[in-house]
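Encoded as structure tokens, the structure appears first; notes follow it.
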Amino acid sequence: MKLKDDKKYARIFRAVLKLVAKKGLAGMTMGDISKEAGIATGTLYVYFDNKDALINALFAACRENSVAVSFRDYDPQAPFKPGFRHIWMNILRYRLQHFEEFIFLEQCYHSPYITAATREKARQLAEPFYALIARGQAEQLIKNVEKDLLITFIIGSMNELVKQIHYSGAALTKARMSTTFDLCWDAIKA
């Protein structure tokens with residue numbers, strides 16, 4: 001039995017992210033992945049039983065990374081709006097800097113590949129963001145509408161900005177980031 005190597009996991013995950021950005025989830029095969037990762041297809045099957053298992057494992061890892069980065073250096077004792085802005089900026093920067101991962105996650109959210117168990121884990125990982133929204137609502141600073149709707153609006157508008165910046169090649173200046181946050185805040189504030 002072959003021992004599994006963390007470096008190969010990383011190569012496999014990088015290959016999937018690259019291929020999904022080029023071909024999409026459905027267009028990618030295990031053969032494509034092994035070729036892109038520079039490993040034999042048989043070796044890929046030592047690590048993952050099938051494409052679904054690979055996609056779910058990568059999705060879980062990416063979600064964990066993105067949530068950890070979202071709340072990096074966040075002070076829960078800070079007033080709501082500056083804390084929310086800090087998290088919003090973290091998410092925006094992360095998605096811009098890890099565009100292939102962002103595209104992968106976005107495609108996964110809308111795909112049949114992700115299992116109910118993986119979706120539930122992603123939901124649990126997002127709990128701090130839901131708690132943040134609940135705090136803003138309890139303090140009557142943001143609209144008291146269903147949390148999923150607010151999060152969909154916040155993240156959806158950010159996703160479109162990330163794609164616009166990436167595909168246009170335009171720079172996202174601090175002023176534009178600030179204006180974009182202000183637009184988001186104006187839309188959700190109570």
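The values are calculated or read from the model by the stated rules, or taken from the named source; none is laboratory data. Computed from a predicted structure; not experimentally measured. Ideal geometry is used to build each Cβ from the backbone, glycine not excepted, and the neighbour counts take in all protein chains shown. These area figures cover heavy atoms from the full protein model, side chains too; ligands, DNA and RNA do not enter into them. Shrake-Rupley method; radii C 1.70, N 1.55, O 1.52, S 1.80 Å.
Using just the helices of the chain, give the 222 nm mean residue ellipticity in deg cm²/dmol: DSSP H runs with n ≥ 4 each add -39,500 (n - 2.57), and the total is spread over all residues, rounded to 500.
Roughly -24000 deg cm²/dmol at 222 nm, from the helical runs in the chain.
FRET efficiency for E127 and E106, Cβ-Cβ distance as r, R0 = 22 Å, nearest 0.05? All intermediate terms of the calculation are to be shown ahead of the outcome.
Values: r = 20 Å, r/R0 = 0.92.
The pair E127/E106 has a calculated efficiency of 0.60.
Give me the accessible area per residue for the stretch 54-116, probe 1.4 Å, as a whole number in Å². Could the numbers behind the result be given before it?
On the way: 2880 Å² over 63 residues.
Per-residue value: 46 Å².
Test of the criteria: in the stretch 100-183, which GluC sites (Glu not before Pro) are in a DSSP loop and have at most 15 other Cβ atoms within 10 angstrom of their Cβ?
Details: sites: E100, E101, E106, E120, E139, E146, E160; in loops: E139, E146.
Passing both the DSSP loop test and the Cβ count: E139, E146.
Pop the C-beta distance of A116 and T43 into the FRET formula with R0 = 35 Å and round what comes out to the nearest 0.05.
Here the calculated transfer efficiency is 0.75.
Can you give the FRET efficiency for M89 and D5, using 1/(1 + (r/R0)^6), R0 = 35 Å, r = Cβ-Cβ distance, to the nearest 0.05?
E(calc), rounded to 0.05, equals 0.45.
Using 0.36 nm per residue of separation minus the Cα-Cα distance, give me the extension gain between D73 and A53 in nm, one decimal. Working shown, then result.
On the way: separation 20, 0.36 × 20 = 7.20 nm, distance 3.26 nm.
Stretched out fully, the D73 to A53 stretch lengthens by 3.9 nm.
Using a 10 angstrom Cβ neighbour count of at most 13 plus a DSSP loop assignment to flag exposed trypsin sites (Lys or Arg not before Pro), which longest range of the chain is free of such sites?
73-190
Taking the alpha-carbon distance from K22 and a cut-off under 25 Å, which lysines remain once sequence neighbours fewer than 8 residues away in the same chain are dropped?
K7, K8, K35, K51, K163
State, to one decimal in nm, how far the label point of D182 lies from the label point of K81, with both points 7 Å from Cα in the Cβ direction.
1.2
Of G156, A187, A117, which is farthest towards the positive pole of the stretch 63-190's charge dipole, taken about the Cα centre with +1 and -1 on the beta-carbons of Lys, Arg and Asp, Glu respectively?
Highest projection toward the positive end goes to A187.
Can you list residues whose amide H is under 5 Å from I142's amide H, if they're 5+ apart or on another chain and H is modeled 1.01 Å from N?
The list, which skips near neighbours in sequence, is Q137, A190.
Where the centre of each part is set by its Cα atoms, how far does the stretch 140-158 sit from the stretch 22-99, in angstrom?
23
Pick from Q97, Q164, Q107: which residue has the top mean-square fluctuation in a GNM of the chain where Cα pairs under 10 Å get a spring?
In this elastic network of the chain, the residue with the biggest mean-square fluctuation among Q97, Q164, Q107 is Q164.
Rounded to the nearest percent, how much of the accessible area of the chain (1.4 Å probe, protein heavy atoms only) is carbon and sulfur?
That share works out to 55 percent.
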